[in-house]
Amino acid sequence: MSVKSLLQIILFLLILLIIGGIYMMYFYTEPTIEKDIIEKNQVNKEVKNNSEQELLEVVQEKNQGNINNQTEIKNNPVNLEKKKNIEEKNLVVENNTSNLKKKNVSEQIKNLTKEIEYITSNKNGDIFKISAKYGKTNIENSNILDLEKVEGIISSKNRSEIFITSIYAEYNYDNQNSKFYRNVELKYDNKIITCNNLDLIISDNIAVAYENVIVKDESSIMKAQMITFDIVTKDIIINSDKKIKLITN
């Protein structure tokens, strides 16, 4: 056999070996890989199921422990006594709060006076009478009486009467002065003065009206920031930085 023939035979066998190797790798190795993947997925599934089962058991044990603890607390005389003491303390606090509220309401009712009336006079002999539906002593100043639904009358032998009404007022025991506020109205002769606030100063024989002051009579309407009304002469002095608005009929 020549060398050339021998080389041809070796080359042919080598080709067969390569072809056979490729065949084995393609037809036998791939199923093995698929089998490994399937087995791996199965293992992961089992591990997951085991983990979920263990977690479920832990939760069940915890819930059972809570139930046991609650049962133990409920059945434990010491814990029951503590719970009872706490409930008793809370009840005492609630009762004290309720009694304090009742006391405050009772004091307010006790301090409240109905249908009150005060009469004072000035150096000229003018008589000032103030009456109210309700009255009580001011919390901050015991010399002041807080009044509600107020009516006042200033009368004189030589002049016509002056009437004052308001929702609220403050009467001072010391100087007999009064402060009217909320829907204040002063009437005399044919004139009406309305305002938010009116300070009646008996010693000076004046009444000072301020905030939304309106003076009306049969022929005109005047609006001002502040006015001073002389209760003796009934003259009006306008004290206003703003322009006075006068409307005549």
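Taken over the stretch 192-230, the criterion of being among the hydrophobic types (A, V, I, L, M, F, W, C), surrounded by fewer than 20 Cβ atoms within 10 Å (Cβ to Cβ), farther than 25 Å from Asn124 by Cβ and in contact with a Ser or Thr (Cβ under 6 Å, 6 or more places away or on another chain) is satisfied by Ile214 alone. Residues that are within 21 Å of Ile119 (Cα to Cα) and modelled with pLDDT of 90 or more number at least 2 in the following strands (runs of 3 or more DSSP E) confined to the stretch 187-249: 191-201, 206-216, 220-230.
Taking the criterion of being in contact with a Phe, Trp or Tyr (Cβ under 8 Å, 6 or more places away or on another chain) and under 14 Å from Ile231 (Cα atoms), the residues of the stretch 156-176 that qualify are Ser160, Glu161, Ile162, Phe163, Ile164. Listed by first and then second residue, the pairs linking a residue in the stretch 127-153 that is closer than 15 Å to Arg182 by Cα to a residue that is not in a strand (DSSP E or B), with Cβ atoms under 8 Å apart and 6 or more places separating them unless they lie on different chains, are Asp146/Asn138.
Give me the residue from the stretch 136-162 that is among the hydrophobic types (A, V, I, L, M, F, W, C) and modelled with pLDDT of 90 or more and, out of that set, surrounded by the most Cβ atoms within 10 Å (Cβ to Cβ). Lay out the reasoning, then the answer.
So in the stretch 136-162, the residues among the hydrophobic types (A, V, I, L, M, F, W, C) come out as 139, 144-145, 147, 150, 153-154, 162.
Applying the additional criterion that residues be modelled with pLDDT of 90 or more yields 144-145, 147, 150, 153-154, 162.
Numbers: Ile144: 17, Leu145: 21, Leu147: 27, Val150: 25, Ile153: 15, Ile154: 24, Ile162: 23.
Among those that are among the hydrophobic types (A, V, I, L, M, F, W, C) and modelled with pLDDT of 90 or more, it is Leu147.
Answer with yes or no whether Tyr181 is over 43 Å from the mean Cα position of the chain (by Cα), surrounded by 17 or more Cβ atoms within 10 Å (Cβ to Cβ) and in the same structural domain as Asn158 (by TED's automatic domain parsing).
Details: over 43 Å from the mean Cα position of the chain (by Cα): no; surrounded by 17 or more Cβ atoms within 10 Å (Cβ to Cβ): yes; in the same structural domain as Asn158 (by TED's automatic domain parsing): yes.
Here the answer is no, as Tyr181 does not meet what is asked.
The values are calculated or read from the model by the stated rules, or taken from the named source; none is laboratory data. Note that the structure is predicted; figures quoted are calculated from it, not measured. Cβ atoms come from the backbone with ideal geometry, glycine included; neighbour counts cover every protein chain shown.
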